[in-house]
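Read the structure below first, then the notes.
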Amino acid sequence: MTDEIGKQANGGGMLYPFNGIWPSITDDCFIAPGARIIGDVHIGAGSSIWFNVVIRGDVGKIRIGARTNIQDGSVVHVSSGGIHTTIGDDVLIGHMALIHGTTIDNGGFVGFNAATMDNSHIKKNGMLAAGSLLSPGKVIGEAELWMGRPAKFKRNLDAEMLVNNAKGSRGYAEIAAEYLDEFQNIKK
C-alpha cells in the first residue's frame, strides 16, 4: 500500500481502505505521523494513536472507544474466523504492545511490550503487566493484575493504582490534544 492511495488523518498518520471499507475516525482523534490504520476500524472521540502504530481491520472489525491511547510501535489486529478486536473507553496500551483478536473493557491497561492473543479478554480496569503474554482465551478479571509469559493472576489492583491508571489515560488525552492543535496550526 502506498501513501498515494491513502488519506492523511488529523495528526499526519495515514488511513487506507481494505475491500472498499475505510477507517472511521472522529475529528478530534490524534493519529501521529507514521501510524497506519487500515480497513474496518472505528476510533472514538478524543483517542490517540501514536507514532508507528499499525491498526489493521482486514479480516475482522476493530472498534476503539473514546479517550483511548495506543502508544508508539504497537500493533492491533484481528484474527481470521471472525475474531474481532474491541477496545473500550479510557484504555491505556503501552509502547510496542501487540493486541490480537482481543476484548479490552473500559479502563483496561496493557503494559509496554505485552501481547494479547485470540479470544482473550481484559475486563474493566484489568491490567496486563509490561512484557506479559495473555494466552488465547484467558480472561483478566475486573481490577486484576496479571503478569508473566504466560500471564497469570498476580493480585487485585488497589485504589491508588486505579487512580494512577485513570490519570495516565487523561494525561494522554491532554497531550494528544496539544499535538492535534499544533498539527492543525501547521497545516493552515
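Since every read-out is calculated from the coordinates, none of them should be taken as a lab result. Just so it is clear, the model here is predicted, and its values are computed rather than measured. For neighbour counting, all protein chains shown are included, and Cβ atoms are generated from backbone atoms with ideal geometry for every residue, glycine included.
Observations
- Packing here is the average count of other Cβ atoms within 10 Å per residue, and on that basis the peptides 44-56, 26-38, highest first, run 44-56, 26-38.
- Packing order of peptides 4-10, 155-161, highest average first: 4-10, 155-161 (average count of other Cβ atoms within 10 Å over each peptide's residues).
- Across all Cα atoms of the chain, the radius of gyration (one decimal) and Dmax (whole number) stand at 15.7, 50 Å.
- Helix 159-187 and the longest principal axis of the C-alpha atoms of the chain enclose an angle of approximately 10°.
- Computed over the chain: relative contact order in percent, which uses C-alpha pairs under 8 Å that are six or more apart: 14
- Lysine pairs within the chain, Cα separation less than 21 Å, 8 or more sequence positions apart or different chains: 16
- Binned Cα-Cα distance frequencies in the stretch 72-130 - 5 Å width, integer %: 6, 22, 31, 29, 9, 3
- A compact globular protein would have a Cα radius of gyration near 2.2 N^0.38 Å; the ratio found for the stretch 1-88 is 0.96.
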